[in-house]
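The values are calculated or read from the model by the stated rules, or taken from the named source; none is laboratory data. For clarity, every value in this text was computed on a predicted model and none was experimentally measured. Cβ: placed from backbone, ideal geometry, glycine included. Neighbour counts: every protein chain shown. Remember, those area values only see protein heavy atoms, side chains included, never the ligands or the DNA or RNA. Shrake-Rupley method; radii C 1.70, N 1.55, O 1.52, S 1.80 Å.
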Amino acid sequence: MNQDNFKLGSLLNHPKRTQVKIKGVTFGPKYIQLIAGPCSIESKEQLESTAVEVKKAGIKVFRACAFKPRTNPYAFQGFGEKGLDLLANVGKKFDFVTETEVMDTRHVKLASEKVDILRVGARNMQNYDLLKELGKVENPVIIKNGLAATLEEFLGAAEYVLQAGNPNIILCYRGLRTFEPTVRYNFDALAIPVLKTLTHLPVIADPSHAAGKRELVLPLARAAIASGADGLLVEAHVNPPVALSDKDQQLYSKDMKEFVKDVEVVTKAVGRKIELKK
Ligand code: PEP
Ligand code: MN
């Protein structure tokens with residue numbers, strides 16, 4: 001692998017691991033950071049009742065999508081701009097750092113003003129105009145690996161944002177499409193260790209989209225932490241069976257406290273600590 005292709009992101013050139021900080025929340029390398037919240041913003045009530053439980057679990061970062069990349073054009077497409085306001089209000093009300101997906105260059109400025117952390121979804125990892133636009137803002141950016149991307153291509157996506165001027169990048173590994181039909185995506189147990197030998201950027205994991213099924217999220221979360229992830233991004237909903245997207249994989253938000261406790265066992269075993277709200 002030619003590390004000059006991602007020279008700004010490479011650990012070879014920057015042996016000190018990067019900390020990405022926002023409003024008292026730190027990603028890498030010491031603490032494990034947790035992000036949780038529903039797949040989609042559906043209503044003020046849905047967001048707030050989910051937020052109450054996520055807050056009780058001590059989690060500091062609340063996620064929810066206003067812009068939705070849906071495979072089926074007839075499926076719920078998200079609340080758009082109005083959703084960003086709902087998320088921003090929940091952030092203020094519950095004192096959360098907020099996180100959401102941007103799908104298009106036109107979303108970046110608007111979202112950067114209302115939401116703290118912006119995310120590039122798997123389907124947009126190679127949307128180079130979007131990546132360049134994210135280089136112009138100061139918000140931390142979470143980049144997910146593409147459904148069939150190599151780790152070098154993943155690091156190339158981060159490099160676009162770094163090169164365009166934003167150093168606050170967090171990589172999020174969410175698994176790959178393979179021929180195995182029993183899980184939604186295959187989560188390579190070596191992906192995070194490999195990334196951490198190549199880059200100084202924090203690397204978190206999304207066990208929810210990889211697992212695709214609620215009962216598989218915790219085992220995969222444990223594995224991700226054991227393999228060196230600097231954090232987790234997990235979907236949680238107050239009432240998953242009626243969720244407008246990803247209802248099979250979202251955890252019940254009332255179970256988040258227990259989830260955190262379960263993950264903490266592995267975190268301790270690998271000599272790390274989850275950064276929770278006191
Ligand atoms: C998400 O996190 O809401 C999402 C759409 O995930 P991915 O881009 O990994 O499919
Ligand atoms: Mn989802």
remark   = Mean Cβ-within-10 Å packing, highest first, puts peptides 119-128, 145-154 in the order 119-128, 145-154
key: Accessible area per residue in Å² at 1.4 Å probe, computed on the stretch 88-247   = 38
request  = Grab the other residues whose beta carbon is less than 11 angstrom from that of Thr26, score K and R as +1, D and E as -1, and report the net.
outcome  = +2
ask   = How much of the accessible area of the chain, probe 1.4 Å, is carbon plus sulfur, in whole percent?
value = 54
ask   = Could you sort Ser208, Ser49 by accessible area so the largest value comes first, with the probe set to 1.4 Å?
value = Ser49, Ser208
request  = Would you please calculate the Kirkwood hydrodynamic radius of the chain over all C-alpha pairs and express it in Å, rounded to one decimal?
outcome  = 18.3
message = For the ranges 198-206, 5-13, what's the packing order if you count other beta-carbon atoms within 10 Å of each residue, average per peptide, and put the highest first?
response = 198-206, 5-13
inquiry  = Below 8 Å between Cα atoms, with a sequence gap of 6+, how large is the relative contact order for the stretch 130-278 in percent?
reply    = 17
task = Principal axes first, then extents: for the Cα atoms of the stretch 1-146, list largest minus smallest coordinate on each axis, whole Å, largest first.
result = 48, 36, 24
key: All aspartates and glutamates inside 19 Å of Lys92 as judged from Cα atoms, apart from same-chain residues fewer than 8 positions distant   = Glu42, Glu45, Glu48, Glu53, Glu81, Glu101, Glu113, Asp116
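If you filter the stretch 109-148 for GluC sites (Glu not before Pro), then keep DSSP loop positions with at most 13 other Cβ within 10 Å, what is left?
Glu138
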query = How many percent of DSSP beta bridges within the chain run antiparallel, rounded to 5?
reply = 15
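What is the packing order of peptides 32-40, 170-178, 184-192, taking the mean over residues of other C-beta atoms within 10 Å and listing the highest first?
Put in order of decreasing packing, that is 32-40, 170-178, 184-192.
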